[in-house]
Amino acid sequence: MMSNKGKSICVFSAKGGVGKTIMTLNLAGIFEMLKKKVLIIDFDLTGGGISAALNVASNKNVYHFAYDYNNNQYRDFKNYVTKYDDYIDVLASPKDPRQALKIDAKYVEIILDKAVFNYDVVLIDTTHDLTDFNVLTLDLVQYILFLVTNDPLDLKNMRSLISVFKDTSVHNYKVVLNESVHPFKSYFGIYDIKNIIKANIDYVLSKDFYIKNIDTFIMNGKIITLDTKAASVFAKDYTTLMGICTDLWEGEEDENA
């Protein structure tokens, strides 16, 4: 891998409501703690919440990038991102859902190509649907983090998704069991979940990471892992998130990525 090319990571799932956006933000916070320059790309084009969650007012977004690029008005990638802090920038989703329909999937490769040469880490938040846009994103990123919960429907959907990836010889993914989303649901143990989805569980975010005042963080535009108390209050899960980021940063590029 070229030394001047950043890591690209897509946070994905088999259904909605599993914590992808919060996971993306928490990873960004950890990478900031590791002194990495991070870009969060919101590819949830019709309902993205990254900008809202971080309280960043973006004047330009993915739509403006595609429009300018298509009309030979593109100049500099930095013109389309919004600063959150000294380490984290955001490439927002369109504010108007009608604009999302005008963004061709071909811009996925163009955006990612420019992003990895401007940032150490590129984190992509998206929907769980296997649209052309999302499939291309999954094909192009270096790593995929699959979030799954202890929910029967989620596990069934994940089993189908993993099966598709195995059939197409895609191996550049890690599975994260997110127990913090539904801490009061414990239908299955880890052994059962592995058997259901026919895949290993690489990381677990425990029930202890359930945050009762998550709405306060969102309303204040704060990232949990950047809170000064996070490392001690959520010691086990903070260590897990740190491990995920360290593993992805130090890992070699998968041949199938």
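Some notes on this structure:
- Subset of region 54-63 that is in contact with a helix residue (DSSP H, G or I) (Cβ under 7 Å, 6 or more places away or on another chain) and in a loop (DSSP other than H, G, I, E, B) - its residue that is surrounded by the most Cβ atoms within 10 Å (Cβ to Cβ): 58
- Yes/no for residue 96 being at pLDDT below 95 and either of a type in the set (Gly, Ala, Ser) or surrounded by fewer than 17 Cβ atoms within 10 Å (Cβ to Cβ) (or both): yes
- Only one of the listed residues (196, 211, 223) is farther than 25 Å from residue 40 by Cβ and in contact with a Phe, Trp or Tyr (Cβ under 9 Å, 6 or more places away or on another chain). That residue is 196.
- Taking region 64-93 as the range and being of a type in the set (A, V, I, L, M, F, W, C) and either surrounded by 21 or more Cβ atoms within 10 Å (Cβ to Cβ) or closer than 21 Å to residue 34 by Cα (or both) as the test, the residues that pass are 65, 66, 81, 88, 90, 91, 92.
- Among the residues of region 163-192, those that are aliphatic (A, V, I, L, M), within 28 Å of residue 231 (Cα to Cα) and touching a residue at least 24 places away in the same chain (Cβ under 8 Å) comprise 175, 176, 177, 181.
- Residue within region 68-90 that is under 19 Å from the mean Cα position of the chain (by Cα), in contact (Cβ under 8 Å) with a residue 12 or more places away in the chain, part of a loop (DSSP other than H, G, I, E, B) and farther than 18 Å from residue 6 by Cβ present: no
The values are calculated or read from the model by the stated rules, or taken from the named source; none is laboratory data. What you see is a predicted model, and the numbers here were worked out from it, not measured in a lab. All Cβ positions, glycine included, derive from the backbone under ideal geometry; neighbour counts span all protein chains shown.
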